[in-house]
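Each value in this text was obtained by applying a stated rule to the coordinates, not by laboratory testing. Bear in mind that the values here come from a model prediction, so they are computed numbers and not experimental data. When we count neighbours, we look across all protein chains shown, and the Cβ atoms used for this are built from the backbone with ideal geometry, even at glycine.
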Amino acid sequence: MNWNISMCWLYAITKYRYIPSLEEVLSAIDDAKRLGFHHMELEGIGSQLYMIIKNKGVIKRKISENEIKLVTFVPVLPDIMSTDSEKRKEALKDFKAGCEVASYFEANIVQADSFYLPIHVEHPYDISKEFRYAYRPPSMKVDPSFNFWRFFEDVTVSSLSECNDIAEDHGLRLCIEPRTWETISNVWALELLLREVKSKNLGAVLDVAHLAAQKMHPVQCVEMLGKRIFYVHASDSDFKIENHLEVGAGIVDWKSFLEALKKHGFKGCIGIDVGGKEEMKQRLDLMYINSRKYLENIMKEIA
């Protein structure tokens with residue numbers, strides 16, 4: 001197998017900041033070319049989405065000049081999971097705008113996240129703050145009026161189903177990334193969602209480090225999801241905490257993982273998703289180059 005390998009947006013977040021300026025977005029595209037990548041991701045975070053939309057022509061030219069293919073565009077919009085129906089309605093309008101720009105960029109996939117519950121006191125991924133992983137359980141309150149399964153049906157399933165319809169209308173597949181501490185935090189939760197929505201247009205971004213942090217074996221997750229895996233995020237882990245390490249620096253069995261993807265006919269892209277800590281910035285370029293070469297060598301081995 002010889003899957004395309006992309007540079008994930010975590011590179012830009014780690015090198016620059018959580019919500020990069022236009023100049024930093026353009027620099028990240030140059031970085032992808034400089035590091036030897038022909039595929040990459042792009043995110044529009046909260047209100048920054050409209051900066052991306054406003055400057056879409058400039059960004060697309062930079063992508064084209066560098067001969068980069070945009071694999072996925074991610075509109076990061078926590079209010080798609082708001083219990084306030086008006087906030088959710090506005091966020092879904094923003095998601096539609098994100099799908100329009102994703103189509104303009106000629107991406108194949110758009111991503112939505114399940115974010116946090118209304119009983120979270122601390123938000124696992126707070127777009128109002130500098131990016132950080134939650135290395136300990138975020139605090140939650142106990143609300144006598146909160147019913148998890150009603151929230152799951154009325155907000156999570158309903159909103160993501162609407163996101164899927166919007167994506168499909170724009171010729172895009174929608175993928176959900178099970179992320180630690182979120183409502184859809186693992187493959188079992190994603191399976192529940194997929195059974196509710198029942199659409200072949202909806203699938204998974206399988207992030208190996210998030211799975212490992214929850215003690216989910218990556219091979220088992222591939223066996224569970226099979227052809228519903230649209231995209232993969234590759235970073236290594238010690239299976240103890242939420243780290244996104246250089247591929248080959250942890251204890252993930254990458255050969256078995258790739259063999260499982262091959263078994264199920266995976267045809268997507270594998271994104272290098274290394275970073276997330278300030279101390280990784282100095283070696284960031286080398287970690288991305290090493291991770292790509294590590295995976296390419298295994299691909300040759302199992303071809």
ask   = Say we look at the stretch 41-96 and pick out the residues that are among the acidic types (Asp, Glu) and in a loop (DSSP other than H, G, I, E, B); which of these is surrounded by the fewest Cβ atoms within 10 Å (Cβ to Cβ)?
value = GLU67
query = Residues in the stretch 211-219: is at least one β-branched (Val, Ile, Thr) and surrounded by 23 or more Cβ atoms within 10 Å (Cβ to Cβ)?
reply = no
key: Selected residue [under 21 Å from PRO78 (Cα atoms), surrounded by fewer than 21 Cβ atoms within 10 Å (Cβ to Cβ) and not aromatic (Phe, Trp, Tyr)] from VAL197, VAL205   = VAL197
ask   = Any idea which of (1) touching a residue at least 40 places away in the same chain (Cβ under 8 Å); (2) touching a helix residue (DSSP H, G or I) at 6+ places or on another chain (Cβ under 6 Å); (3) among the charged types (D, E, K, R) is the one ARG17 doesn't satisfy?
value = (2)
request  = Mind listing just one residue for me: the one in the stretch 115-161 that is in contact with a helix residue (DSSP H, G or I) (Cβ under 6 Å, 6 or more places away or on another chain) and in a loop (DSSP other than H, G, I, E, B) and, of those, surrounded by the most Cβ atoms within 10 Å (Cβ to Cβ)?
outcome  = PHE115
task = Those residues that are within 17 Å of LEU286 (Cα to Cα), in a helix (DSSP H, G or I) and not charged (D, E, K, R), I need them from the stretch 6-26; list them, please.
result = LEU10, TYR11, ALA12, ILE13, THR14
ask   = Can you tell me how many residues in the stretch 96-128 are of a type in the set (D, E, K, R), closer than 21 Å to MET51 by Cβ and touching a residue at least 12 places away in the same chain (Cβ under 8 Å)?
value = 4
task = Among the residues of the stretch 236-254, write down those that are crowded, with 24+ Cβ neighbours inside 10 Å and in a loop (DSSP other than H, G, I, E, B).
result = VAL247, VAL252
query = Do the conditions hold for ILE45, that is, is it over 23 Å from GLN282 (Cα atoms), under 19 Å from the mean Cα position of the chain (by Cα) and among the hydrophobic types (A, V, I, L, M, F, W, C)?
reply = yes
task = Within the stretch 217-235, identify whether any single residue is in a loop (DSSP other than H, G, I, E, B) and among the aromatic types (Phe, Trp, Tyr), and answer yes or no.
result = no
request  = Identify the single condition in (1) touching a residue at least 24 places away in the same chain (Cβ under 8 Å); (2) of a type outside the set (Gly, Ala, Ser); (3) closer than 24 Å to HIS233 by Cα that ARG136 does not satisfy, given that it satisfies every other one.
outcome  = (1)
query = Do you know which residues across the stretch 51-65 are touching a residue at least 12 places away in the same chain (Cβ under 8 Å) and farther than 13 Å from VAL101 by Cα?
reply = LYS62, ILE63
ask   = Could you list, in sequence order, the residues of the stretch 73-85 that are over 11 Å from ALA112 (Cβ atoms) and in contact (Cβ under 8 Å) with a residue 60 or more places away in the chain?
value = SER82, THR83
